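The values are calculated or read from the model by the stated rules, or taken from the named source; none is laboratory data. It should be emphasised that the depicted structure is a prediction, and the values quoted were computed from it without experimental measurement. Counting neighbours? That spans all protein chains shown, and the Cβs are built from the backbone with ideal geometry, glycine included.
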Amino acid sequence: MIKPITKSSKLKIRRFHPDDEPAVISLWQRCNLIRAWNDPSKDIRRKLKVRPDLFLLGLLNGEIVASVMAGYEGHRGWLNYLAVHPDHQRRSYARAIVEEAERLLRKAGCPKINLQVRTSNLGAVEFYRKIGYVMDEVVSMGKRLEQDAKTG
């Protein structure tokens, strides 16, 4: 049995376990986080190779209702795949799971956390502002080194 890391308003936060994959992918689908160019199973497999202790889930009565995939490479921390099931939003579960990720990153010596939000996701931008995140004056760029899914 996986021991909980912390609890918040009946939300039990614990580390991801491989058996959780179908439920986590379902959560991400409900939260509209999956895109055609990303294979969520590959993302999970990659995460399990690098700091799997930073892949957290929030459970209510045994049901996965929240996730965050945090990372730290020695310079900056990152938050990815923050999700709270639509039926359970606005109950401070996102705040609780982010605070646990922040605690673990701080413990690892992380000085700053970065994250990316789609410009169309104004609710997420507002949420992060409310919990202390600010917009950095940077341009986010990317280069795909491996194709996850067939596009076009």
Item to check | Selection within segment 65-75 - within 19 Å of residue 132 (Cβ to Cβ) and modelled with pLDDT under 95 | outcome: none
Next on the checklist: For segment 58-80, check the following and say yes or no: at least one residue is within 12 Å of the chain's Cα centre (by Cα), surrounded by fewer than 19 Cβ atoms within 10 Å (Cβ to Cβ), more than 20 Å from residue 125 (Cβ to Cβ) and not aromatic (Phe, Trp, Tyr).
Outcome noted: no
Next on the checklist: Can you tell me which condition residue 32 does not meet? The list is (1) part of a loop (DSSP other than H, G, I, E, B); (2) modelled with pLDDT of 95 or more, and all the others hold.
Outcome noted: (2)
Item to check | Residue satisfying all of: in segment 110-126; touching a residue at least 24 places away in the same chain (Cβ under 8 Å) and of a type outside the set (A, V, I, L, M, F, W, C); farthest from residue 68 (Cα to Cα) among these | outcome: 111
Checklist entry - Would you call residue 88 closer than 21 Å to residue 116 by Cα and over 10 Å from the mean Cα position of the chain (by Cα)? => result no
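Results for (1) touching a residue at least 60 places away in the same chain (Cβ under 8 Å); (2) in contact with a strand residue (DSSP E or B) (Cβ under 7 Å, 6 or more places away or on another chain), shown as yes or no for each residue.
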position: 13; (1), (2): yes, yes
position: 39; (1), (2): yes, no
position: 42; (1), (2): yes, no
position: 49; (1), (2): no, no
position: 61; (1), (2): no, no
position: 64; (1), (2): no, yes
position: 68; (1), (2): no, yes
position: 79; (1), (2): no, yes
position: 85; (1), (2): no, yes
Checklist entry - In this structure, does residue 23 turn out to be in a strand (DSSP E or B), at pLDDT 95 or above and either in contact with a Leu (Cβ under 6 Å, 6 or more places away or on another chain) or of a type outside the set (D, E, K, R) (or both)? => result no
